[in-house]
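First comes the structure, then the notes that go with it.
The values are calculated or read from the model by the stated rules, or taken from the named source; none is laboratory data. Bear in mind the structure is a predicted one, so any value in this text is a computation, not a measurement. Cβ sites come from the backbone with ideal geometry, for glycine too, and all protein chains shown count toward neighbours.
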Amino acid sequence: MLYSNKKLSPTTQIAVLCGLALVLIALGVGIVARVVQASPEKKERKRRILVNQIGRLGDALVTDATDSTLYYAYSIHGVRYTTSQDVTTLKDLLPADPGRLVGIANLKYAVRNPANSILLCEDWSGLRVHGTGPAPAAATSLQSQTASDA
């Protein structure tokens, strides 16, 4: 008996509406608290991990590299993208001289949004160390791990 011809008293109607309003307010406060709580660093880490998991491989040209940022360009389906990736939290995966990264590299990009791309994340690296001298240990282990996964 879900539907009845009996009407609720005005007091009961107000109580039900107030209860519903309180539930909606609590839900809204919970959503806002969750959004505010996520720091930009956490959001960026989640983005990198997602692109690594679902991304498609492509080729990129690293045009410049600093201690905190990698600048690169790539083309997907005839559209050329020029972008950068903040690697401040991934410094331990970079060589001492970031300039050695300038050149060809692999990237991963989201198929539904090719502008969403990465060269490096916690679990994967598409970077190739160019120039003379040994590659950093972290980059070498990431590259050998990537090669063994393929």
Margin query: I'd like to know if segment 79-98 contains one or more residues that are part of a strand (DSSP E or B), within 15 Å of GLY55 (Cα to Cα) and touching a residue at least 24 places away in the same chain (Cβ under 8 Å).
Written below: no
Check: Which condition number does GLY99 fail, the rest of (1) within 21 Å of GLY131 (Cβ to Cβ); (2) small (Gly, Ala, Ser); (3) within 22 Å of the chain's Cα centre (by Cα) being met?
Finding: (3)
Checklist line | Condition broken by ALA139, with the remaining ones in (1) at pLDDT below 80; (2) closer than 16 Å to SER75 by Cβ satisfied | finding: (2)
Notebook entry, point to check: Does GLN53 meet the test of being surrounded by 10 or more Cβ atoms within 10 Å (Cβ to Cβ) and out of contact with any Pro (no Cβ under 7 Å at 6 or more places or on another chain)?
Noted result: yes
